[in-house]
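The values are calculated or read from the model by the stated rules, or taken from the named source; none is laboratory data. All values derive from a computational prediction rather than experimental measurement. Note that each Cβ is placed from the backbone with ideal geometry, even for glycine, and that neighbours are counted across all protein chains shown.
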Amino acid sequence: MSSLRAWVSAARPKTLVAAVAPVALGGAVVVARAGVPGLWAAPGFVFFILSCLGFALCVQVACNFANDLGDSLRGADTAARVGPRRAVSAGDIAPDAMRRGIWIACLLALVLGAPVASLSPWLLLAGFLAIGCALAYTLGPFPLAYRGLGDVFVIACFGVQATVLTAWALCSPGQGPGDCSCDALAMPWFAALIAGLGLGLLADNILVANNARDYETDLAVGKRTTVVRFGRGFARNLHGFNSVFGLVCLGCVFGWVPLVLLPWALWQHLAFRRASAPQDFLPLLGRAAVLMLLATALCVTATCLGWAPAGTLNL
């Protein structure tokens with residue numbers, strides 16, 4: 001039987017910030033748009049944002065499990081690979097057991113996301129689409145990560161989709177009695193899209209660093225990531241673009257507060273440009289996740305303190 005430690009490691013707890021951040025950001029967009037900081041404490045708001053969070057976390061875990069299994073089956077996780085231990089390729093978890101783990105994570109996502117799905121059939125459809133994309137990242141006949149579509153997947157799913165769907169769920173009517181939330185408000189589509197795009201660009205830097213680290217091993221097994229297709233020079237330029245324009249997008253929605261991270265983002269980018277060996281990219285994954293988390297925290301803080309200028313939300 002696989003140990004609990006192996007399952008926890010396969011879930012990759014450090015990557016779960018990619019699930020938490022867009023849900024928090026979607027909530028921040030709605031609160032700032034409503035102009036009611038106390039909305040965070042409304043019972044309906046808390047219930048539905050927790051439902052969104054539970055769904056997002058389970059989908060992220062399912063994606064991580066599928067990535068572990070898919071890379072092992074396709075031979076991408078070799079002894080030459082530098083990075084965290086992979087459960088299936090290392091023999092810590094059997095492939096059949098990992099498949100069961102993927103199904104369990106998906107079922108938990110559906111259960112925890114059921115309250116949100118009940119608000120609209122479109123939200124239910126979007127939930128199934130999110131799960132399908134997560135599994136298709138490395139599994140199935142057309143694995144996105146092996147076709148150079150991983151960056152598009154991360155920006156679209158862990159940025160735009162998760163942020164917009166969270167805001168949409170919180171703005172849906174019929175969230176329950178006594179809720180002082182967004183029943184009377186129009187959904188801030190454009191603000192949510194721009195905020196989600198900014199967060200997705202920052203999240204993509206985690207993948208860019210990961211793929212730059214695995215360039216040689218991915219090339220050997222035919223995993224055609226954008227870094228394999230266009231080289232590490234392209235990855236350096238993409239990293240810089242994501243760092244700057246990700247924060248600028250967040251600044252367009254939440255004002256000047258997230259822009260205070262620009263100097264640190266540029267310092268991270270300089271370190272990325274200097275990296276060359278696979279080991280050099282290892283700390284850059286964690287730094288990208290921390291930047292994403294801090295940017296989200298600053299946006300939420302600016303919203304709670306009323307520092308997000310209302311005019312920017314209409315853009």
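Observations on the structure shown:
- None of ALA297, ALA288 is small (Gly, Ala, Ser) and surrounded by 22 or more Cβ atoms within 10 Å (Cβ to Cβ) except ALA288.
- Residues satisfying the stated conditions in segment 103-140, i.e. modelled with pLDDT of 95 or more and among the β-branched types (Val, Ile, Thr): ILE104, VAL111
- Number of the exception - ARG224 against (1) in contact (Cβ under 8 Å) with a residue 40 or more places away in the chain; (2) outside any loop (DSSP other than H, G, I, E, B); (3) not aliphatic (A, V, I, L, M): (2)
- In segment 94-116, the residue that is surrounded by the most Cβ atoms within 10 Å (Cβ to Cβ) out of those that are within 18 Å of TRP168 (Cβ to Cβ) and over 20 Å from the mean Cα position of the chain (by Cα) is PRO115.
- LEU73 being more than 25 Å from ASP280 (Cα to Cα), modelled with pLDDT under 90, surrounded by fewer than 22 Cβ atoms within 10 Å (Cβ to Cβ) and not polar (S, T, N, Q): yes
- Taking (1) surrounded by fewer than 19 Cβ atoms within 10 Å (Cβ to Cβ); (2) closer than 20 Å to VAL111 by Cα; (3) touching a residue at least 60 places away in the same chain (Cβ under 8 Å) in turn, CYS133 satisfies each apart from (3).
- When residues of segment 25-42 are limited to those that are touching a helix residue (DSSP H, G or I) at 6+ places or on another chain (Cβ under 8 Å) and either among the polar types (S, T, N, Q) or surrounded by fewer than 22 Cβ atoms within 10 Å (Cβ to Cβ) (or both), the one modelled with the lowest pLDDT: PRO37
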